[in-house]
Amino acid sequence: MDVDDVRGDLAEVLLTEQQVREGIVRLARRIEADYDGDRPLLVGVLKGAVMVMADLARELRVHVDMDWMAVSSYGAGTRSSGVVRILKDLDTDLTGRHVLIVEDIVDSGLTLSWLLANLESRGAASVRVCALLRKPDAARIVVPVSYLGFDIPNEFVVGYGLDYAERYRNLKAVAVLAPHVYQ
Ligand code: PRP
């Protein structure tokens, strides 16, 4: 869906469809250059990373493998607890692999911090992170993000994989949700 389809629900467009696309292209060019022959395993973190993964993988001009994890990081509350549960694990053996975790957003950093340690413990040759978005002001733990699209303000954002109550994931832009939608 386009911004005009849900205009009344949005307070502000942070990144247009075009800006998101340009961000993905920039990430892809850097990743191709860095891995240079080391076929990376892209690990998408469901569900938010589906859009980034789909567009990034297609933009890459090199061979990649793709796998998926689903983790639950929020427990009962609305904020990250740091307590992460694996809902769906990888199918791939990571021994000796160059792993690139693909995320839509780094918010508190707690999910990613746990995930990095978990994947590193499986014998990967390297584990790096690619995230389209990061909220620096929300960080509770600083996680190294090797490939970052955009830093954004600490607001309730939706679109391009990010949801509110499972809606807006299919919005092409990234936007701040209007408070009347969730209040
Ligand atoms: C989001 C996002 C990250 C995580 C980041 O996922 O996709 O995985 O939160 O938050 P953190 O940095 O505070 O840990 P969410 O748990 O909302 O699930 P979803 O991807 O299925 O929407």
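The values are calculated or read from the model by the stated rules, or taken from the named source; none is laboratory data. Keep in mind it's a predicted model, so treat the numbers as computed, not measured. Methodologically, a virtual Cβ is constructed for each residue, glycine included, from the backbone with ideal geometry; neighbour enumeration extends over all protein chains shown. For accessibility, only protein heavy atoms count, side chains too; no ligands or nucleic acids. Shrake-Rupley method; radii C 1.70, N 1.55, O 1.52, S 1.80 Å.
Post the alpha-carbon centroid distance, region 109-183 to region 1-42, in whole angstrom.
13 Å
Among I152, I86, I101, whose mean-square fluctuation peaks in a Gaussian network model of the chain (Cα, cutoff 10 Å)?
Greatest mean-square fluctuation among the candidates belongs to I86.
Roughly to the nearest percent, how much of the accessible area of region 15-150 is carbon and sulfur, given a 1.4 Å probe?
About 49 percent, which is the carbon plus sulfur part of the accessible surface.
Give the dimensionless ratio obtained when the Cα radius of gyration of region 51-183 is divided by 2.2 N^0.38 Å.
Rg over 2.2 N^0.38 Å, computed on Cα atoms: 1.08.
Under a plain spin-label model, where a point goes 7 Å from the Cα along Cα-to-Cβ, how far apart in nm are D2 and A57?
2.8 nm
Put +1 on the Cβ of every Lys and Arg and -1 on every Asp and Glu Cβ in region 1-74; which of Q18, A28, V6 then has its Cα farthest towards the positive end of the dipole?
Final value for the positive-end residue is A28.
So what is Rg over Rh here for region 29-128, counting just Cα atoms and using Kirkwood for Rh?
Ratio value, two decimals: 0.97.
Gaussian network model of the chain, Cα springs within a sub-10 Å range: biggest mean-square fluctuation belongs to which of K88, K172, K47?
The residue with the greatest mean-square fluctuation here is K88.
Per DSSP helix of 4 or more residues, -39500 (n - 2.57); summed, then divided by the residues of the chain. What does that give at 222 nm, rounded to the nearest 500?
The helix-only estimate for the chain comes to -7500 deg cm²/dmol at 222 nm.
Stick to the Cα atoms of region 105-183, pair each with every other, and give me the Kirkwood hydrodynamic radius in Å at one decimal.
13.8 Å
So, for the chain, what is the accessible surface per residue at a probe of 1.4 Å, expressed in square angstrom?
Ligands and nucleic acids excluded, the figure is 50 Å² per residue.
Mind giving me the FRET efficiency for S121 and R39? R0 is 25 Å, r the Cβ-Cβ distance, nearest 0.05 is fine.
For S121 and R39, the calculated efficiency is 0.70.
Just the number: Rg to Rh for region 1-43, Cα atoms, Kirkwood Rh, two decimals.
Value, to two decimals: 1.22.
Pick from N118, N154, N170: which is most flexible by mean-square fluctuation in a GNM of the chain where alpha carbon atoms under 10 Å apart are linked?
Most flexible of the set in this elastic network: N118.
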